[in-house]
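Worksheet for the structure shown next.
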Amino acid sequence: MTEVVALKKAHPEHIHAVNDEYIDWLMEAVVRNRFLPCPDPDSVFVGDGNFQAVGAEFLGHFIRRGGLLPEHRVLDIGSGIGRMAVPLTQYLDPAKGTYRGIDPVAGGINWCQQKITSVYPNFEFRYMDIAHSLYNPKGAIDGLFLKLPFEDRSFDFVIMTSVVTHLPDEEVSVYLREVARVLAPGGRLFMTAFEVDTVAAENPQKKRDTRLGFQRYDNGPCWFVPELPPLAAVGFDDGFLEQALIKAGLSVSTKSHGHWRGVSADHYQDIFIAGAGGGR
Ligand SMILES: C[S@@+](CC[C@H](N)C(=O)[O-])C[C@H]1O[C@@H](n2cnc3c(N)ncnc32)[C@H](O)[C@@H]1O
């Protein structure tokens, strides 16, 4: 069963503001449209799964669960090689909606600039030389001192899909504080993660993704997979992310556990949605 914990009603006026049938049609159209930019499979460094299908699935989650609207100003932290951006080109209003992506992998940013910005000028991508032991080992910027190059309250919707799954806890806290700063009143963060709850840790029915045998590191809150480099997959203690969101000044509205832990759900990683303000 999908565990959806509605912690607080998040801006209900936005949820389902977009017609359900239209969302289904749009997701289908994204998957079928062979004219949309699609990177060579060998250059995709953002995870397995079908590039278009994963992007279309998330477009649906952003609209249905996150209340994303066509006129929103979107920031995608860790935009990779455009997996989330490509479907958004089919939804955001070219005149009113904007998208900004940042990432420490130059190849991904270059591809996005060439294939996406050239056709959709309201989509911009910026390389940031943030250090990461796997993605950008020689990076000059220490993520612990990150300052996003955007003004306070300048975004309605911030995306972090499959990003905190590669960051240590202290860095996650820094990023969440920055997200709280750049979100406009009423804005929302949509984040995915691995929360190691009892089911995920104990794997009672042996249905968990076999690649994710997380073991707690020291006294937590991080969990790593012993066979992998630590930042290849990071899980967090149950409750850590909610507390970090609240400490950052965000108010958590949704936590939905994903099927990586072996429960049934319509998404793989855990989803957290948090609104600007009010959570401290
Ligand atoms: C698994 S990929 C996910 C990419 C994208 N969000 C998606 O879902 O397609 C993780 C991304 O996080 C980026 N990344 C790694 N460290 C980062 C950091 N400190 N700040 C921002 N992005 C980072 C990587 O370069 C990579 O593009």
| message | Can you tell me how many residues within the stretch 96-132 are without any contact (Cβ under 8 Å) to a residue 12 or more places away in the chain and either closer than 14 Å to PRO70 by Cα or surrounded by 15 or more Cβ atoms within 10 Å (Cβ to Cβ) (or both)? | response | 1
| task | Could you please give the count of residues in the stretch 33-51 that are farther than 18 Å from THR192 by Cβ, of a type outside the set (Gly, Ala, Ser) and either within 10 Å of the ligand (Cβ to nearest atom) or in a helix (DSSP H, G or I) (or both)? | result | 2
| task | Give the stretch 67-91 a look and list any residue that's in a loop (DSSP other than H, G, I, E, B) and either among the basic types (Lys, Arg) or away from the ligand (no atom under 14 Å from the Cβ) (or both), or say none. | result | GLY67, LEU68, LEU69, PRO70, GLU71, HIS72, ARG83, THR89, GLN90, TYR91
| Quick one: in the stretch 133-152, which of the residues that are more than 9 Å from the ligand (Cβ to nearest atom) and surrounded by 16 or more Cβ atoms within 10 Å (Cβ to Cβ) is nearest to VAL234 (Cα to Cα)? | LEU148
| task | Find the residue count for the stretch 158-204, including only residues that are of a type outside the set (Gly, Ala, Ser), within 20 Å of ARG83 (Cα to Cα) and assigned to a loop (DSSP other than H, G, I, E, B). | result | 4
| Neighbours by Cβ (under 7 Å, 6+ apart or cross-chain): first from the stretch 159-184, more than 18 Å from HIS132 (Cα to Cα); second polar (S, T, N, Q) | VAL182/SER154; ALA184/SER154
| request: Filter the stretch 194-209 down to residues that are touching a residue at least 40 places away in the same chain (Cβ under 8 Å) and among the charged types (D, E, K, R) and give me whichever is surrounded by the fewest Cβ atoms within 10 Å (Cβ to Cβ). | output: LYS206
| Can ASP218 be described as without any contact (Cβ under 8 Å) to a residue 60 or more places away in the chain, at negative phi and surrounded by fewer than 16 Cβ atoms within 10 Å (Cβ to Cβ)? | no
| field | Hits in the stretch 238-269 (condition: among the aliphatic types (A, V, I, L, M) and buried (at least 20 other Cβ atoms within 10 Å of the Cβ)) | value | LEU241, ALA244, LEU245, ALA248, LEU250, VAL252
| request: Might you check whether a residue that is touching a Cys at 6+ places or on another chain (Cβ under 8 Å) and part of a helix (DSSP H, G or I) occurs anywhere in the stretch 120-130? | output: no
| request: Quick one: LEU148 ticks every box in (1) free of Cβ contacts under 8 Å to residues at least 24 places away in the same chain; (2) farther than 17 Å from LEU231 by Cα; (3) in a loop (DSSP other than H, G, I, E, B) except a single one, so which number is it? | output: (1)
| Does LEU134 satisfy being within 17 Å of the chain's Cα centre (by Cα), of a type outside the set (Gly, Ala, Ser) and under 21 Å from ARG83 (Cβ atoms)? | no
| the stretch 56-81: number of residues that are at positive phi and out of contact with any Gly (no Cβ under 7 Å at 6 or more places or on another chain) | 2
| Which members of the stretch 237-280 meet the condition of being closer than 16 Å to PRO221 by Cα and part of a loop (DSSP other than H, G, I, E, B)? | ASP238, GLY239
| task | Look at LEU212 and say whether it is touching a residue at least 24 places away in the same chain (Cβ under 8 Å), part of a loop (DSSP other than H, G, I, E, B), surrounded by fewer than 20 Cβ atoms within 10 Å (Cβ to Cβ) and of a type outside the set (Gly, Ala, Ser). | result | yes
| query | Any residue in the stretch 118-125 that is closer than 30 Å to TYR22 by Cβ, within 12 Å of the ligand (Cβ to nearest atom) and of a type in the set (S, T, N, Q)? | reply | no
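Read-outs: derived from the displayed coordinates by stated rules, not from any lab. Values in this document were obtained by computation on a predicted structure and should not be read as measured data. Here Cβ is always computed from backbone atoms with ideal geometry, including for glycine, and neighbour counts include all displayed protein chains.
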